[in-house]
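Trainee: The structure under discussion is supplied below as structure tokens; questions concerning it will follow.
The values are calculated or read from the model by the stated rules, or taken from the named source; none is laboratory data. Note that this is a predicted model, so its numbers are computed, not measured. Backbone-built Cβ (ideal geometry, glycine too); neighbour counts: all protein chains shown. SASA here: full protein model, heavy atoms, side chains in, ligands and nucleic acids out. Shrake-Rupley method; radii C 1.70, N 1.55, O 1.52, S 1.80 Å.
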Amino acid sequence: MLAVTMSLLAGKIGLVFGVANKRSIAWAIAQAWHKAGATLAFTYQGERLKENVEELVSTFGPDTLLLPCDVTKDEDINTVFAAVQQKFGKLHLLLHAVAFAPKEALEGRFVNTTRDAFKIAHDVSAYSLVALARGAAPLMTEGGSIVAMSYYGAEKVIPHYNVMGVAKAALEASTRYLAYDLGAQKIRVNCISAGPVNTLAARGIAGFSAMLKHYEQHAPLKRNVLPDELGATGTFLASDGAAAITGQVLYVDCGYQVMGMTEAPKAA
Ligand code: 0WE
């Protein structure tokens, strides 16, 4: 690897939310941050994922900070930032790659979204960014970069994405308001809007392979985004190359978002 890439994030401390397994987008970005020289800490959601994440994270060395965090629990969040403060005394990077809506809400019609499903989706997927940014800001004494994952369903209707699309719209709007609030502390806040990636979160979603194929056929680059490419964008946003970029949504989707009609109409 090029020396310039190696040192892009040297001396930076990062905190990663959202690793479930080796296919997680959070893991792809964490690996890229690590290769760029950052020192990382991780959280995992629930005992079920603990062993998995422990094993992945152990490749970064035995003393890598790994903590449980349910992002809907203020107490968990406080404990995580207290531990980061204790171990490192500061923080530069935060990755938010966390989302959840009850499965039923991603299957039927949006009009049937229950109050409870709406509440859960927004709490886990959008409010959590606000809570994590508030926890991180006092530790980002040298400035910082907060990166959150979004999806095109935030701005256009993607059938079945439903309440997740509404929650991602809230996440993107929150990104802009956080960018405004935290800008004076040199803390930048941006979203990566990724094209579909085959992760644990995508598994079990009916028609997901058809969606990957649709992107392959209709995105300008005629392929799907690779996890490593999300890692590279995550590294860019974390780096000084993006020092003047905040409040933005960057599309890393092989160009899909620029399309109006996704194919030329057949001549009459
Ligand atoms: O943001 C996402 C998925 C997030 C997600 C996935 C699940 C599956 C399991 C949130 N909550 C749940 N809840 C579960 O119970 N994506 C961008 C991937 C995705 O999900 C879709 C998509 C795409 C793309 C759902 C319907 C339609 C398209």
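Trainee: Per the 1.4 Å probe, what fraction of the accessible area of the chain, in percent, lies on carbon and sulfur atoms?
Mentor: Details: 7660 of 13570 Å².
Ligands and nucleic acids excluded, carbon and sulfur give 56 percent.
Trainee: I've got another one for you. So what does residue 223 come to for accessible area, using a 1.4 Å probe and Å² rounded to 10?
Mentor: 80
Trainee: Could you provide, to the nearest whole Å², the per residue accessible area of the range 150-251 with probe 1.4 Å? Don't skip to the end; give the middle numbers.
Mentor: Values: 4960 Å² over 102 residues.
Per residue, the range 150-251 has 49 Å² of solvent-accessible surface.
Trainee: Of all the C-alpha pairs in the chain, what % are more than 30 Å from each other? If you can, show how the numbers build up before the last one.
Mentor: Details: 9167 of 35778 pairs.
Within the chain, distances greater than 30 Å cover 26 percent of Cα pairs.
Trainee: If you find the alpha carbon centre of the range 167-183 and of the range 38-69, how far apart are they in angstrom?
Mentor: Their Cα centres are 27 Å away from one another.
Trainee: While we're looking at this one, here's another question. What is the sum of charges around residue 195, taking Lys and Arg as +1, Asp and Glu as -1, for the other residues whose C-beta is under 11 Å from the C-beta of residue 195?
Mentor: Here the charged neighbours net out to -2.
Trainee: Rounded to the nearest whole Å², what accessible area per residue is found for the range 1-134 with the 1.4 Å probe?
Mentor: Heavy-atom accessible area per residue stands at 52 Å².
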